[in-house]
Amino acid sequence: MSAQLIYDTAPLGSLIRYSNGEPRPPQRFTRKLKAWNHDNGIGRLVERTAQEVRSTRQSPAGFCLRLGNYGSQGIIAVVVRRHYSVESTLHFEIVEMPKPGMVRVLTSSVARDELRFLAPDIASAQDWLARNRYTDARFEIVDDPDPVMPPSYLGRAA
């Protein structure tokens, strides 16, 4: 699947696998393995950004995957996220989509939604939000089928 198809069809909260199509090198080749790991992995779709056209620059539409949270004793110190353009040459695959009845905890800024947490039910979402304060956070229950709404406030090129 192309990056454009992920942007167009994958709902927020989906697990996305990305790959450059090359086989994994043996463990003993540490530099090659590090480079391979950069282009191959899995992450959760947390944000979409529309194409942006300004007088000085143009940036294509894209999406953001959260690859992991790092910390200790229940405190997250680093959140690893990676942005991909719809022009990316990597191969993407939807591994898992949110199930109907799950609850997204979303925040909005500049007409774009960002997934903060994907909860199995509304009680878990409310509990998580009570422990993790976000201003203007809202809940969105996943429907069946889950509609995909890419940001369109700036439009997209044909």
Item checked: Qualifying residue in the range 9-25 (condition: more than 30 Å from G101 (Cα to Cα) and without any contact (Cβ under 8 Å) to a residue 12 or more places away in the chain) -> yes
Next item on the list: Scan the range 39-52 and give yes if some residue there is within 28 Å of L106 (Cα to Cα), in contact (Cβ under 8 Å) with a residue 24 or more places away in the chain, assigned to a strand (DSSP E or B) and open to solvent by 50 Å² or more (accessible area, probe 1.4 Å), otherwise no.
Entry: yes
Note to self: Suppose we filter the range 90-111 for residues that are in a strand (DSSP E or B), surrounded by fewer than 16 Cβ atoms within 10 Å (Cβ to Cβ) and in contact (Cβ under 8 Å) with a residue 12 or more places away in the chain; how many remain?
What the structure shows: 6
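Sort out which residues of the range 53-84 are in a strand (DSSP E or B), out of contact with any strand residue (DSSP E or B) (no Cβ under 6 Å at 6 or more places or on another chain) and touching a residue at least 12 places away in the same chain (Cβ under 8 Å), and write them in order of number.
Step one: filter the range 53-84 for residues in a strand (DSSP E or B), giving 53, 58-59, 62-72, 75-84.
Within this subset, residues satisfying the condition of being out of contact with any strand residue (DSSP E or B) (no Cβ under 6 Å at 6 or more places or on another chain) are 53, 58, 72, 75.
If the condition is that a residue be in a strand (DSSP E or B), out of contact with any strand residue (DSSP E or B) (no Cβ under 6 Å at 6 or more places or on another chain) and touching a residue at least 12 places away in the same chain (Cβ under 8 Å), then V53 is the only one that fits.
The values are calculated or read from the model by the stated rules, or taken from the named source; none is laboratory data. Computed from a prediction, not measured in an experiment: that's the story for all the values here. With ideal geometry, Cβ positions are generated from the backbone for all residues, glycine too; neighbour counts draw on all protein chains shown. Just so you know, the surface numbers come from the protein's heavy atoms only, side chains and all, with ligands and any DNA or RNA stripped out. Shrake-Rupley method; radii C 1.70, N 1.55, O 1.52, S 1.80 Å.
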